[in-house]
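Single-structure report; data block below.
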Amino acid sequence: MFSVIIPLYNKEHTIANTLTTVLKQTYSEYEIIIVNDGSTDNSVNIIKRNFNDARIRIINQSNAGVSAARNRGIQEAKGKWISFLDADDEWVPTYLETVSKVTDNCDEDLIIFTGRFQQNFKTKVRSCNIPIKYQNKISEIRFFENPHVFVHISATTIKASVLKKNFKQWGSFIEGQKSNEDFTFLFKVALHIKTIYIGKPLSIKRQDRYLAAQ
């Protein structure tokens with residue numbers, strides 16, 4: 001089972017869309033952990049009003065930042081694998097099904113990345129950058145060959161037990177880090193476990209996404 005961790009802070013303009021893309025997954029064995037990091041808008045009310053699914057769990061905490069929210073999600077996760085998704089990004093419907101081709105019956109400690117789209121909020125135009133040698137393949141990669149091509153937190157799945165076992169050393173996000181906390185975390189994890197890359201664009205990173213709040 002997958003634990004989908006969504007940190008939430010004042011995303012009333014995107015959370016319904018993000019959550020819908022999870023609930024439309026073709027693979028159904030997952031839980032959704034939404035860590036509400038002290039939102040002051042209607043994000044939580046929108047979830048409660050529009051979604052009634054037993055797989056959704058909302059955990060409320062005082063505002064402590066996105067790293068603390070993700071760490072809380074890791075600690076609360078019940079699944080064998082943890083998939084991260086930001087509250088303003090999206091997944092294509094086959095995201096979990098495709099990742100499950102790697103995780104099913106796998107006991108290795110892995111970090112798994114997929115390709116991603118980048119979508120302009122205004123124009124809806126999508127682009128993606130997947131190296132030709134990895135396109136439409138599932139491959140073990142040398143992460144540090146070109147990490148910024150591979151890395152995106154909303155396209156990341158990691159074995160839950162390896163994060164929990166090493167939580168105090170390298171298996172958690174640095175709380176209080178003001179920027180690039182996701183890159184720091186993923187670089188740390190990639191130093192210790194095998195990296196798998198799925199060369200298909202399965203997640204969507206929205207560009208100019210904050211315009212939606214205006």
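The values are calculated or read from the model by the stated rules, or taken from the named source; none is laboratory data. As the structure is a computational prediction, the values presented were derived from the model and not from experiment. Cβ placement follows ideal geometry from the backbone for every residue including glycine, while neighbour counts extend to all protein chains displayed. Heavy atoms of the whole protein, side chains included, go into the accessibility calculation; ligands, DNA and RNA do not. Shrake-Rupley method; radii C 1.70, N 1.55, O 1.52, S 1.80 Å.
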Query raised in the report: Hey, among ALA64, ALA54, which residue is loosely packed, with under 14 Cβ neighbours inside 10 Å, of a type in the set (Gly, Ala, Ser) and in a loop (DSSP other than H, G, I, E, B)?
Result: ALA54
Query raised in the report: Mind checking whether some residue in the stretch 170-179 is assigned to a helix (DSSP H, G or I) and either out of contact with any Phe, Trp or Tyr (no Cβ under 8 Å at 6 or more places or on another chain) or in contact (Cβ under 8 Å) with a residue 12 or more places away in the chain (or both)?
Result: no
Report summary line: GLY176 fails exactly one of (1) more than 30 Å from LYS122 (Cα to Cα); (2) open to solvent by 70 Å² or more (accessible area, probe 1.4 Å); (3) at pLDDT below 95; (4) not hydroxyl-bearing (Ser, Thr, Tyr), namely (2)
**Report entry** Residues located in the stretch 98-147, provided they are surrounded by 14 or more Cβ atoms within 10 Å (Cβ to Cβ) and in a helix (DSSP H, G or I)
**Finding:** THR98, VAL99, SER100, VAL102, THR103, TYR134, PHE143, PRO147
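Across the stretch 70-97, what is the total count of residues that are open to solvent by 50 Å² or more (accessible area, probe 1.4 Å) and not in a loop (DSSP other than H, G, I, E, B)?
Adding up the residues that qualify gives 4.
Looking at the stretch 58-86, which of the residues that are within 10 Å of ILE6 (Cα to Cα) and of a type outside the set (Phe, Trp, Tyr) is nearest to the chain's Cα centre (by Cα)?
The qualifying residue nearest to the chain's Cα centre (by Cα) is LEU85.
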Query raised in the report: Restricting attention to the stretch 13-47, and to residues there that are open to solvent by 10 Å² or more (accessible area, probe 1.4 Å), of a type in the set (A, V, I, L, M) and over 17 Å from the mean Cα position of the chain (by Cα), which single residue is nearest to ASN63 (Cα to Cα)?
Result: VAL44
Query raised in the report: How do the pairs read when you match residues in the stretch 42-71 that are among the acidic types (Asp, Glu) with residues anywhere that are modelled with pLDDT of 95 or more, using Cβ under 8 Å and keeping only pairs 6 or more apart or on different chains?
Result: ASP53/LEU23; ASP53/ILE32
Query raised in the report: In the stretch 2-12, which residues are open to solvent by 30 Å² or more (accessible area, probe 1.4 Å) and either in contact with a strand residue (DSSP E or B) (Cβ under 8 Å, 6 or more places away or on another chain) or among the aliphatic types (A, V, I, L, M) (or both)?
Result: TYR9
